[in-house]
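Structure, as structure tokens:
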Amino acid sequence: MSISYPIGESGQFLILEQNVLDHFIKWRQSEPKMPEAGGQLFGAVEGQCIKVELATGPRRSDRRGRFFFIADRLAERREIGKLHKSGLHYFGDWHTHPQSIPTPSGTDISSMADMFARSKQDLTAFLMVIVGTAEFPEGLHVSIHEANAWSALNVEREA
Ligand SMILES: [Zn+2]
């Protein structure tokens, strides 16, 4: 199983593959004491499909609490370089929230805009996934971020 999100009117789709969803399920804060987790998202573009094929993290050097997650950015940059050599492109970040249906915090939005602005990759936008505790897709927040704008993606509903 995978989950697919149409990207605006572009005709493109963002696809979260099964092993990525499994990784999110493993780390979601379903128990009251579980700290936030997070990491990076990698994949490939095939035609109109932006496929997220790998979610990494969390790692031992990240700082994690019930309501915060601070990634080891140096290790993350090394990871981007290493995975790029094996054909996996960096698309953005994911992290968990102790909420059933997750909503981005002000800090989440501003840090994505900041990362986009400072990014040296030629990404057209940054992807952010927030993992809540509800079943998917309701328990997932998926959005794309540019320097001054962002939009949430929604799964296609059958008419
Ligand atoms: Zn957050």
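Tabulated data for the structure shown
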{"read-out": "The stretch 8-71: trypsin sites (Lys or Arg not before Pro) in DSSP coil with no more than 13 other Cβ atoms inside 10 Å", "value": "LYS33, ARG60, ARG66"}
{"read-out": "1.4 Å probe accessible area per residue over the chain, in Å²", "value": "56 Å²"}
{"read-out": "Per-selection Kirkwood Rh - the stretch 87-130 (Cα, Å, 1 d.p.)", "value": "11.6 Å"}
{"read-out": "Within the chain, helix-based [θ] at 222 nm, where runs of 4 or more DSSP H residues each add -39,500 (n - 2.57), nearest 500", "value": "-7000 deg cm²/dmol"}
{"read-out": "Cleavage-rule hits, GluC sites (Glu not before Pro), the stretch 1-61, DSSP coil, Cβ neighbours within 10 Å at most 14", "value": "GLU9"}
{"read-out": "Taking the chain and dividing mean pair separation by its residue count, relative contact order in percent (alpha carbons under 8 Å, at least six apart)", "value": "22 percent"}
{"read-out": "Sites matching chymotrypsin sites (Phe, Trp or Tyr not before Pro) across the stretch 1-108 that sit in DSSP coil, with at most 11 neighbouring C-beta atoms within 10 Å", "value": "PHE67"}
{"read-out": "Dipole of the chain, positive end: most advanced residue of THR56, PHE42, GLY106 [Cβ charges, Cα centre]", "value": "THR56"}
{"read-out": "Amide H contacts of GLY92 (H built 1.01 Å from N, under 5 Å, at least 5 apart or other chain)", "value": "LEU41, LEU127"}
{"read-out": "Cα gyration tensor, the stretch 1-102 - rounded (a/c under 1.5), prolate or oblate", "value": "oblate"}
{"read-out": "Percent carbon-and-sulfur accessible area, the chain, ignoring ligands, DNA and RNA, probe 1.4 Å", "value": "53 percent"}
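The values are calculated or read from the model by the stated rules, or taken from the named source; none is laboratory data. As the structure is a prediction and not an experimental result, all values here were calculated from the model. Virtual Cβ from ideal backbone geometry, glycine too; neighbours counted across all protein chains shown. The accessibility values were calculated without ligands, DNA or RNA, using every heavy atom of the protein model including side chains. Shrake-Rupley method; radii C 1.70, N 1.55, O 1.52, S 1.80 Å.
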